[in-house]
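Asks: Take a look at the following structure, please.
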Amino acid sequence: MSSATTDRLLKSDTDRLPIEDYQRCDPRWCTGCGNNAILTAVQKLCRDERLPREKTVFVSGIGCSSRFPHYMNTYGFHSLHGRALPIAEGIKMRRPDLHVFVNTGDGDCCSIGTAHWIHAIRYNMDMTVLMHDNNIYGLTKMQTSPTSPLGLISNTSPRGTQLQPINPLSVTLGVANASFVAQAVDWIPDLLYQTISRAFHHKGFSFVRILQRCPEYVPVLFEEAVKDPSKILLLSHENGLKISADLSKVYRNQEKHDPSNADRAREIAAMTDRIPIGILYHNPDAPRHEDVEYPDKLGTPQMIKTVLNEEFDKFTI
Amino acid sequence: MNKTINLIAFNLIGKTAESGLDDISGLDLQPALYAGFTDLNKLRHDFPVVLGNYDDAGSFARSLSAIVNDILKKNAPQGSEGEFMRCQILNIEQEIRENIAGSAGLSLMEAWVTATHNLRSRIDNNLLKAFDKCLEHIWGALKFDGQIIDCNAALPIAMLRQAWAIDQRKKAYASRKRVDELILRLEHILGAEIKKSKETLSPNSLKGSVGSSFENAFDFEVMSRVLTPANPRDRLPEGRRQRILDTLKVLQSQRFFKSAKWSQKKSRRAGPFSFLFKSAASALRAIESRISDMVELIRVISIAELEIANRYEPAKHDAFFAKFDESSLLPEDLAFFPTYLIWLDGGPKGAKDKARILKLLSSGMPVKILAQNEDILDSLTGSKKRLPFGDKSWQLANMAISLNDVFVLQSSSANLYKVRDKLWDGLTYYGPALFCVFSSGDLNGPGLPSYLVSAAATESRAFPTLSYDPSKGPDWASRLSISYNPQLDKDWPVHSFSYEDEDLQRLSEDIVFTFIEFVASDKRFSNFFARVPRREWSEAMVPAGQYLEANSDEQGKTIPYVLMVDENHILHRLVVDDRLIRAARRCREMWHSLQEMGGVHNSHARNLLELERELWQAEKDSEIAKLRTTALADSTTKISDQKAAPSEPETPDEPEQAQSVSTDDPVIETPRCTTCNECTDINPQMFSYNDNMQAFLADLSAGTYRQLVEAAENCQVSIIHPGKPRDMSEPNLDELMERAALFH
């Protein structure tokens, strides 16, 4: 919150950095990796929203996707496997003025980090979570991940996976206090950008699952969907994505879906015949952790000293 | 005939002696409709209310009845099982209602204890055990407490002050937190600078920061030598450091909110300002003396926020803040400050005071003024020959509404509980608010409860309830609400009244409660009425409500009366002075204009509707006439001929065809590019990225057809279409074109 005078001054400031200023170095992802498209969409968002680089932080866990913070010329935290969310929560708690983004993968989020994921949804802290889902552990060269489709042959499943994959959208929608759930694909840049932008503007925990191609290890996985638009279902709504006329010519499967309709969102999430793209669910009124639980006292040096001394005194012999 | 002349004589000239009618000053008469309300303590109504001191905005006031209902709903078993509990609790409620009449400042808990004690002493011994058990159960359920107050002259300020205190507390908490956070963050900026200083990195300072346990484990001289050159050289510019220090000084010495202890330690300074005033003049003086402090505080808050966001640019912002003055304050920024509560007991005192109120209301400051009026009929008294009406009571609210951005609530104290949400809205409205409240005092004689008089003022349109909330929208329809008035589409409310006649037969009639009935209840106006003995009642006498509705011809033939009851519940008719009739007419006219503004019987809307109806009718008439002519002309032609002309086939709503692009030209579908660098790696001159980091053909001549085909093959999302070669002399073209054909 800032004063109206400050807001006015900041709004009148129209300078913005070029997209190159948000780029740090050339990404070290494999040839044709879908992560490139996500990186470009995010850099475009930073430029368009004029995010100050010193006020923006990208937090990641471990995996291909988690190399993301290295390529952003902002603050970043390449953390431990599955632990991106608790670290992001800590950052947001201590520095609510920062724009917090989380990059996590299907392995990072839906396997080792599942507990954190579930509770992060429940906490509903204001952050944008991009789950790069390529259905495989790519960094360690092709092991079955929790979202690998049934029958996928990998190093850890030479005879094909035997278990049904987890559906990250259904899981997120099933957790109490979910407030923003969307799905995008890396190969439709316009909608990817729109989805990330809507997620960024949602005040709360916005979860975007991005289906991301891995041409190196599972090139066939999304090939059909990339080439055959009938495999895609676009969700449009005045409170959701706006589909351009050009895209409508290619993607004719469209549904007008009101993101406030949680029941329909669950049905869409469970679809198996087509890939739904758009905002499945949005509830701007879900309570946020930072609003319902906040410290009464400021963490001033004096206060911290007093509290610490009180604690130390307990151990005085 | 003679008797009628007497009545007219009174009606027109008001002289009791000449008209031969009875003076009523010695009689204890009340309007007939008051008969059912002689003992309000026996009736469950909105009062007394309990003023709760809770942060929950909606519960600053709850009526005793609502609290009791809530307790019973949650605790008393359904059906006959819970009957005993319901009876006892309702008895307690009535006991409290009777007890609080004579005592002030009691809390609900205290009143409850006294009431149960009194009841217990009167209860039958056989029921004592059950009574105690019931009380024990209910005591635990009694969660809501606070001062209990009846509908009296102290109510308006008590209610408003309670809500104000809650709002003020919440506001102070948020604003203080904001100021303290700014202080902390600015100190962080300075702190980072200190950590980089030579002093901090000196061997002694480093030794001190390690502590005594491990001081022998380090060589602090070496540590200092290692750390000092590694320290980044960027220092806080002196101008910025000074600006932060100046900002901190103002933030730490502000007096609008009591600051947290840690920021207070540094200076012994004056305590926080007070924001409660009892006159417009003192409030105005306070605001005028504080305005420069307010401007300064908002100025430094903005500077602090820009500094913290790292967006303060001296070249841009220095000039702006140098000229920052009172005129730079935005309404939203003013809302940051505590609200001024100004209680004008008795309303404005004279023209000067009115001018001050106007000045306060148009200042844009968050001022909340309670203009409490104990007497809305005072302009009828005195020696004035003319009887003006409503000058004082209505003028203030009308004046405030005309300022456009002032929140206005007008209500009698009896209605105040019903409009408590509006009261809260007014207090939390970011700009100025005026609350005009009529709360009956003892002016009109003892005996009549304050609640009854103020409720009657609303009922008789003498003091209608209205709220004007500028935050609700841009037009009158959304801003002005008169919905809290009874029977708002009527001139006067109508109530059914039953009584027995001389033959003990039950009779019932509708009584209109007009302004005249309201005045008739006031002893000070007894000379405007005269009692007509029962034997002289005639058909020429009509109820005042009916008389007011009649045209002047009919009025000439009739005499208005009001129906009154005495202490023995005997009905009397009082003939009314014509001057009062004129005052009542004026009251009705003012009510009409309020109705219009509130959207009831709006003349503009009615005229527009009439006009539209006429236009519609004319259009329909012409259509019908045309149809008739056509039908006549076509009666000889065949029906098939009429159908002969086929309608033009509609152009299908096909999507616009894409402009035909020759497959000979190479193309990249740029919007679908996923930025994988494949093509730009092949030839960065030929393929380039646009501002959105998506590939396009930058320079075809910078590369070969082979590179174009290879790029198409490498593109992960197949958006490069190589077309036909431009240079036909390029080697292996046949093979390349065959490969390219896959991407056309």
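The values are calculated or read from the model by the stated rules, or taken from the named source; none is laboratory data. These numbers were taken from a predicted model, which means no experiment stands behind them. Every residue, glycine as well, gets a Cβ built from its backbone with ideal geometry; the counts of neighbours run over all protein chains shown.
Asks: B:Lys316 versus (1) free of Cβ contacts under 8 Å to residues at least 60 places away in the same chain; (2) more than 12 Å from every other protein chain (Cβ to nearest Cβ): which is the lone unmet condition?
Replies: (2)
Asks: Would you point out which residue out of A:Arg50, A:Arg8 is at the interface with another protein chain (Cβ under 9 Å from one of its Cβ atoms), over 25 Å from A:Arg83 (Cβ atoms) and surrounded by fewer than 18 Cβ atoms within 10 Å (Cβ to Cβ)? Full working, then the answer.
Replies: Values: A:Arg50 fails: at the interface with another protein chain (Cβ under 9 Å from one of its Cβ atoms).
The match here is A:Arg8.
Asks: Quick check on A:Gly63: is it assigned to a loop (DSSP other than H, G, I, E, B), crowded, with 23+ Cβ neighbours inside 10 Å, touching a strand residue (DSSP E or B) at 6+ places or on another chain (Cβ under 6 Å) and away from chain B (no Cβ under 14 Å)?
Replies: Here the answer is yes, as A:Gly63 does meet what is asked.
Asks: Still on this structure, I have one more. For B:Gly545, only one of the following conditions fails: (1) surrounded by fewer than 13 Cβ atoms within 10 Å (Cβ to Cβ); (2) part of a helix (DSSP H, G or I); (3) among the small types (Gly, Ala, Ser). What is its number?
Replies: The failed condition is (1).
Asks: Can you confirm whether region A:267-287 contains a residue that is under 30 Å from A:Glu224 (Cβ atoms), assigned to a strand (DSSP E or B), of a type in the set (D, E, K, R) and away from chain B (no Cβ under 13 Å)?
Replies: Within region A:267-287, the subset under 30 Å from A:Glu224 (Cβ atoms) is A:267-282.
With the extra rule that they be assigned to a strand (DSSP E or B), the set shrinks to A:275-282.
If we keep only those that are of a type in the set (D, E, K, R) too, we end up with none.
Among the residues of region A:267-287, not one is under 30 Å from A:Glu224 (Cβ atoms), assigned to a strand (DSSP E or B), of a type in the set (D, E, K, R) and away from chain B (no Cβ under 13 Å), which makes the answer no.
Asks: Need pairs with beta-carbon distance below 7 Å; first residue over 30 Å from B:Pro366 (Cβ atoms) and within region B:446-474, second charged (D, E, K, R) and surrounded by 19 or more Cβ atoms within 10 Å (Cβ to Cβ); sequence gap 6+ or separate chains.
Replies: Matching pairs, first to second residue: B:Ser460/B:Glu517.
Asks: Please indicate, with yes or no, whether at least one residue in region A:94-114 is more than 27 Å from A:Met271 (Cβ to Cβ) and buried (at least 22 other Cβ atoms within 10 Å of the Cβ).
Replies: Looking through region A:94-114, at least one residue is more than 27 Å from A:Met271 (Cβ to Cβ) and buried (at least 22 other Cβ atoms within 10 Å of the Cβ).
Asks: Of the numbered conditions (1) part of a loop (DSSP other than H, G, I, E, B); (2) without any contact (Cβ under 8 Å) to a residue 24 or more places away in the chain; (3) within 11 Å of chain B (Cβ to nearest Cβ), A:Lys305 fails exactly one; give the number of that condition.
Replies: Condition not satisfied by A:Lys305: (1).
Asks: Another question, if that's okay. Go through A:Met131, A:Met93 for me and flag whichever is under 13 Å from the mean Cα position of the chain (by Cα) and of a type outside the set (S, T, N, Q).
Replies: Working: A:Met93 fails: under 13 Å from the mean Cα position of the chain (by Cα).
Within the list A:Met131, A:Met93, the selection yields A:Met131.
Asks: (1) more than 10 Å from chain B (Cβ to nearest Cβ); (2) surrounded by fewer than 14 Cβ atoms within 10 Å (Cβ to Cβ): which one isn't true of A:Glu20, the others all being true?
Replies: Condition (1) is where A:Glu20 drops out.
Asks: Before we move on, is A:Asp263 closer than 24 Å to A:Val175 by Cα and part of a helix (DSSP H, G or I)? Walk me through how you get there before you give the answer.
Replies: Working: closer than 24 Å to A:Val175 by Cα: yes; part of a helix (DSSP H, G or I): yes.
In short, yes.
Asks: How many of the residues in region B:398-432 are surrounded by fewer than 24 Cβ atoms within 10 Å (Cβ to Cβ), farther than 30 Å from B:Ile67 by Cα and among the aliphatic types (A, V, I, L, M)?
Replies: 3
Asks: Within region A:201-233, how many residues are surrounded by 15 or more Cβ atoms within 10 Å (Cβ to Cβ) and either within 13 Å of another protein chain (Cβ to nearest Cβ) or of a type in the set (Val, Ile, Thr) (or both)?
Replies: 15
Asks: Further question: Having 2 or more residues that are in the same structural domain as B:Ala280 (by TED's automatic domain parsing) and within 19 Å of the chain's Cα centre (by Cα) is the bar; report the helices (runs of 4 or more DSSP H) wholly within region B:294-378 that clear it. Break it down into steps so the answer makes sense when it comes.
Replies: Details: elements: B:314-322, B:331-334, B:350-361.
Output list reads B:331-334.
Asks: So A:Lys141 fits all but one of (1) within 18 Å of the chain's Cα centre (by Cα); (2) charged (D, E, K, R); (3) farther than 24 Å from A:Ile196 by Cβ; what number is the exception?
Replies: Just one mismatch for A:Lys141, condition (1).
Asks: Please go through region A:234-273 and pick out each residue that is among the charged types (D, E, K, R) and farther than 27 Å from A:Pro149 by Cα. Can you show your working first?
Replies: Step one: filter region A:234-273 for residues among the charged types (D, E, K, R), giving A:238, A:242, A:246, A:249, A:252, A:255-256, A:258, A:263-264, A:266-267, A:273.
Within region A:234-273, A:Glu238, A:Lys242, A:Asp246, A:Lys249, A:Lys256, A:Asp258 meet the criteria.
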